[in-house]
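Provided herewith is a single structure, encoded as structure tokens, for subsequent inquiry.
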Amino acid sequence: MWTALAAIFALGMLGGSLVWAFANPLASSFAHGDASLQRETASAIRVLSVSVPLVVLSSGLRGILEAFCRFDLTNRVSIPISLLNLIVPFALVRFAAQLPLILSLLVFLRLAAVLLLCVPSWKLFPQCVGHAFQSQEFGP
């Protein structure tokens, strides 16, 4: 289970790195030549690229809990985080916050969701925490 989560996270890191690397070309295609808008868009894309591994990891953790019909545990995390995902941008726009700041706080919320989903996963599968595979486990 943890190996699959590590693979999911690694793929998310790869995807996030690609988005980070292509932030400027993506921003120029979205900004249509406006230099100030292009800088803010590139910053926003870079912030979003940090969230890619967190999004796929939280989906994996949620999938594990839901595979064992622990919808109560996923809902305890998902409902408050979803509400905050709506409230935080609305509140920050009222204070004229820049887009990268708003997105940074949303990435922080996604990190909180990952950490909050890890806790019930560790409690459901304590035998997997800190378990290191030995080479003889895969031998003949």
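The values are calculated or read from the model by the stated rules, or taken from the named source; none is laboratory data. Computed from a prediction, not measured in an experiment: that's the story for all the values here. No Cβ is skipped: glycine too gets one built from the backbone with ideal geometry, and neighbour counts run over all protein chains shown.
Taking segment 100-140 as the search range and keeping residues that are more than 18 Å from Arg70 (Cα to Cα), more than 13 Å from the chain's Cα centre (by Cα) and at pLDDT 85 or above, which one is surrounded by the fewest Cβ atoms within 10 Å (Cβ to Cβ)?
Leu101
Same structure, new question: Could you tell me which residue of segment 14-38 is nearest to Ala112 (Cα to Cα), considering only residues that are outside any helix (DSSP H, G or I) and not acidic (Asp, Glu)?
Checking each candidate, the answer is Phe22.
To keep it simple, each residue is scored yes or no on (1) of a type in the set (Ser, Thr, Tyr); (2) outside any loop (DSSP other than H, G, I, E, B); (3) touching a strand residue (DSSP E or B) at 6+ places or on another chain (Cβ under 6 Å).
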{"residue": "Ser58", "(1), (2), (3)": "yes, yes, no"}
{"residue": "Arg62", "(1), (2), (3)": "no, yes, no"}
{"residue": "Asp72", "(1), (2), (3)": "no, yes, no"}
{"residue": "Arg76", "(1), (2), (3)": "no, yes, no"}
{"residue": "Leu86", "(1), (2), (3)": "no, yes, no"}
{"residue": "Val93", "(1), (2), (3)": "no, yes, no"}
{"residue": "Ala96", "(1), (2), (3)": "no, no, no"}
{"residue": "Phe108", "(1), (2), (3)": "no, yes, no"}
{"residue": "Val119", "(1), (2), (3)": "no, yes, no"}
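Working carefully through the options Thr3, Thr41, find the one that is part of a helix (DSSP H, G or I) and closer than 23 Å to Phe125 by Cβ.
Thr3
Any chance you could count how many residues in segment 53-70 are more than 13 Å from Met1 (Cβ to Cβ) and surrounded by fewer than 16 Cβ atoms within 10 Å (Cβ to Cβ)?
3
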